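Contents: one structure, followed by commentary.
The values are calculated or read from the model by the stated rules, or taken from the named source; none is laboratory data. Every value quoted in this text rests on a predicted model; they were computed, and no experiment measured them. Here the Cβ positions follow ideal geometry from the backbone for every residue, glycine too, while neighbour counts run over all protein chains shown.
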Amino acid sequence: MEHTRYIWKNGELVEWADATVHIGVHGLHYGSGVFEGIRAYETSGGPAVFRLRDHLERLERSARLVKMTLPYTPSELRAATLDLLAANEADSAYIRPIAFYGAGGLGVLTRDNPVEVAIMSWPWGAYLGEDALEHGIRVTVSTWQRVGANVVPHVAKATGVYLNSLLALQEATSAGYDEAILLTPDGHVADGSGENVFVVRDDVVFTPDLSASILPGITRETVLEIARDLGHRVVEKPLIRTDLYLADEVFLTGTAAEVTPVREVDGHELGPPGPVTLELQQAYLDTVHGRSDRWSPAWLDPVPQCRATSAA
Ligand code: PMP
């Protein structure tokens, strides 16, 4: 992980090495935190953050679902993010806002635990590798089930939930796969460890609906909108594992993974990335890089003033 100069922590920019926490923070012991993953891309008009407001609103909803009151509004966090990117002179970045219960009592029930908020940004290329974006990845259906709606709120991007993702990813990678797809307890396709799942069959684009224990992904929503706009039939409905095996195309979406083609599921060869996947991947990358007149203006939040520019 490449270090950058600053991290925004509880209202101020601090040096990377100084952004530390005490070993007694509640969030460390019990996974009591919420977070976001956001990307800023280089565009011809300078760096711009993709769907920043939408991510910060999801952070606020995640917090509400775990009854955490954020000490900053989404607008304040938006300003903080843009300040941080300018201070780090970032052309492009992965951005990680996190809110967690800090040090206080160490019972499970929070008492006197302040809510701490921080935002990191650093350069991060293709999450699953450039080769993954171009040639696709091999995935396996996990024996670990995705957290259910009455286990922890899967709609919340909460830190503790990622133990579920970690277990699935450990299992998949030790069996030689690149990524895991988790099912719900009743056998419906839910999410990858950090991505939403799409299936293309007979030119129809399918993805699990929100009741299938998925995280309501912002990339998912973006790709659905782009696909509809490009004239594809899009269906959100419950899917089962054999829909993956019999698919014409499968791809995963996420802020980190962008649009990643899948070339094999559990030994079922799907072949090289298919035409629908490639069309949506291209449209997505054009959008985030500001190359699309159609979608970019609504979704890109320019970083107002880079220190690199002001110093020049
Ligand atoms: N599902 C899970 C479990 C995830 O962790 C992520 C990544 N945040 C996604 C889906 C995709 O969400 P987004 O497109 O908003 O990054």
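List of remarks:
- Screening Ala247 against (1) away from the ligand (no atom under 16 Å from the Cβ); (2) assigned to a strand (DSSP E or B); (3) hydrophobic (A, V, I, L, M, F, W, C) leaves a single unmet condition, (2).
- Val141 being in contact with a strand residue (DSSP E or B) (Cβ under 9 Å, 6 or more places away or on another chain) and not assigned by TED's automatic domain parsing to the domain that holds Glu42: yes
- Checking Arg78, Arg53 one by one, the residue that is crowded, with 16+ Cβ neighbours inside 10 Å and either under 23 Å from Pro123 (Cβ atoms) or within 16 Å of the ligand (Cβ to nearest atom) (or both) is Arg78 and no other.
- Annotation note: of Tyr72, Tyr41, Tyr94, the sole residue that is assigned to a loop (DSSP other than H, G, I, E, B), surrounded by 16 or more Cβ atoms within 10 Å (Cβ to Cβ) and either more than 16 Å from the ligand (Cβ to nearest atom) or of a type outside the set (A, V, I, L, M) (or both) is Tyr72.
- Any hit, the stretch 148-170, residues being within 12 Å of the ligand (Cβ to nearest atom), modelled with pLDDT of 95 or more and assigned to a strand (DSSP E or B): yes
- Scanning the stretch 20-38 for residues that are over 23 Å from the mean Cα position of the chain (by Cα) and surrounded by 14 or more Cβ atoms within 10 Å (Cβ to Cβ) turns up Val21, Val25, His26.
- Pick from the stretch 107-147, criterion surrounded by fewer than 14 Cβ atoms within 10 Å (Cβ to Cβ) and of a type in the set (Gly, Ala, Ser), ranking: modelled with the highest pLDDT: Gly107
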